Amino acid sequence: MAENFPFPTYFVLTIITITRLISTVGKTELTGPSLVPSNISHRLRDDPEAIKIASSDYGNLVRESPLAVFQPSSIYDIISLIKSSYTSSVPFHIAARGQGHSTRGQAMVPNGVVVDMSALRRQSLGFGIGSVFHDPSVGYYADVGGEQLWIDVLQATLRHGLAPPSWTDYLYLTVGGTLSNAGISGQTFRYGPQISNVHEMDVITGKGDFLTCSPEKNSELFHGVLGGLGQFGIIARARIALRPAPKRVKWVRVIYNDFSAFTKDQERLISISGEKKRDNDDDDNALDYLEGMLLMHQGPINNWRSSFFPSSDHPKIISLLVQHSILYCLEFAKYYDDHSEHSVDKELQEMVRGLSYVPGFYYEKNVSFMEFLNRVRSGELKLQSQGLWDVPHPWLNMFVPKSRIHDFDSGVFKDIILKRNITKGPVLVYPMNRSKWNDKMSASIPDEEVFYTVGFLHSSGFDDWKAFDVQNRDILRFCEEAGIKVKQYLPHYATQQEWTNHFGTKWMSFQERKYQFDPRMILSPGQRIFNNID
Ligand code: FAD
């Protein structure tokens, strides 16, 4: 809360002290009072290159310069850094920066210190990704450093024939970064978000305490940190649940011209439980992945998230689009293995038979598990080679209760989006089950059992991103005026009242956890929850 924020009065002193400290770094001599102990001060960088990287993110919308970037050689360095701020009369802000794949400066620290988690990764100095283990009470798991990328977790665990059950669409994100939000994708309806698949963590709190936490031990910290937007501590290690990994994936897209038919089918498919038909772990009648997206006449049929439709069919899809202006594409996948290879087609056919997509608009791919999970990477590399990756990304992600998704379709997709005619990037829309989330965790979701995630993943030029920002605000305003109780995902708010509304009944415990684990409001100020707001 703004009134509890202790920084402004003496923050100037901190700036002076750190600035002086950095200026002595090169000479490895520290004179006078310093906030950062000499054994770690040489890990601070203030050269233009380090500052530039830490001053921007994937969004390219916000620019905030830290005073220094801290490149730890171990988690003990991070403990020392946080302790030195916490015990100082002039604390300074600190945030972990995973990959900086936030879009609104959430990992930035104006006039403070950014902890470059990639330093631990590059030199294998953090927890890394060790071996996999088995415990009769929880099954298989891996202990993974918070700095690790999910792609590396996948590669390491696949070597043991195992993999985490829950993913994000894009794998070059850090474990600590996605667990600070939720980590969602097409597996969420079945396995819950990534935060539902963590057994234990080591966390360095805002007091510099290094604590192991789980649902049983230090449970307030455990639940607070998961979805906690970096507010309570830096995740040093997470114990991630693993399951036997399938070898291959049947990956299907079907196209609808009717939103009711599309959502009815999505909701039916996510209601099919993973009940085992046989005494075999992988062999069941549920899908493993389900998403959905809009196809609109102003955008390309394929996009960077994945190229799917054969070019020979583009004229046919475009003609359907011209007829309807907007189409809905349901995407789902069924994993299979050597032993289920013979039955997967039959199971898929049974499932597809009941769907109401436009006849003739069925597309299927048969890919390896790795190819499926890493499907966004090739699009990223292509955009990078065209210089189109490091552009502004005025994204808006939100959760919409099922009971209002049709109002959302008519008021947002068919009105704001179609009429404004500027949206070209992917627009995702798919449902998930609330029962797979843990309400004790910080992540805030709608109150209904089924809710949709809707993601407007815009890319824009440097001179026209504001039009998308205005559109995003208009979407949120429409929802508010129509009484649609949406929750932002990867949230970005401008006022204290909006954060209070966002967390709803969780706001009290969110605040209490902040006072308990980061009482001097040191961590992740770029989220703008307790700092510089209003
Ligand atoms: P950062 O952006 O660096 O950090 C995010 C926040 O977490 C900051 O507040 C930071 O201080 C804090 N933080 C970082 N590391 C730690 C740590 N170890 N401990 C505590 N706090 C920490 N999200 C999904 O859920 N599903 C998707 O499918 C998905 N797809 C994406 C695709 C792309 C191309 C991009 C760019 C993002 C996508 N995201 C998705 C969003 C992603 O989850 C967020 O950007 C998230 O913040 C992870 O990015 P990061 O690891 O770079 O974290």
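Any read-out appearing in this document is the output of simple, stated calculations on the displayed coordinates, not a laboratory observation. From a predicted model like this one, the values you see are computed outputs, not experimental measurements. As a convention, Cβ positions derive from the backbone with ideal geometry for all residues, glycine included, and neighbour counts pool all protein chains shown.
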> Hey, which aspartates and glutamates would be in cross-link range of K207, C-alpha to C-alpha under 18 Å, not counting anything within fewer than 8 residues on its own chain?
Replying inline: D77, E220, E512, D518
>> For the chain, what does the helix formula give at 222 nm: sum of -39500 (n - 2.57) over DSSP H segments with n ≥ 4, over the residue count, nearest 500 deg cm²/dmol?
In response: -8500 deg cm²/dmol
> With θ set to phi - 60° and the Karplus curve 6.51 cos²θ - 1.76 cosθ + 1.60, what are the ³J(HN,Hα) couplings of the range 221-238 in order, to the nearest whole Hz, using x for Gly and Pro?
Replying inline: 5, 4, 5, x, 5, 6, x, x, 6, x, 7, 10, x, 9, 6, 8, 8, 10
> Can you give the net charge of the other residues whose Cβ lies under 10 Å from the Cβ of E364, counting K and R as +1 and D and E as -1?
Replying inline: +2
> Which pairs break 30 Å Cα to Cα here: K419/K485; K264/K382; K419/K440?
Replying inline: K264/K382; K419/K440
> Considering only the other residues whose Cβ falls under 11 Å of the Cβ of G186, what net charge follows from Lys and Arg at +1 and Asp and Glu at -1?
Replying inline: -2
> Which percentage, to the nearest 5, of the DSSP beta bridges contained in the chain is antiparallel?
Replying inline: 90
> In the range 165-234, what GluC sites (Glu not before Pro) fall in a loop by DSSP, with at most 13 other Cβ atoms inside 10 Å?
Replying inline: E216
> Dipole magnitude of the chain about its Cα centre, charges +1 at Lys/Arg Cβ and -1 at Asp/Glu Cβ only, in debye to the nearest 20?
Replying inline: 540
> Is the shape of the range 322-398 rounded, prolate or oblate, going by the alpha carbon gyration tensor and its root eigenvalues a ≥ b ≥ c, with a/c under 1.5 for rounded and a/b larger than b/c for prolate?
Replying inline: oblate
>> Quick check: convex hull of the Cα atoms in the chain, volume per residue, rounded to a whole Å³?
In response: 145
> Any idea what the dipole of the range 422-534 comes to, in debye rounded to 20, about its Cα centre with Lys/Arg Cβ at +1 and Asp/Glu Cβ at -1?
Replying inline: 360
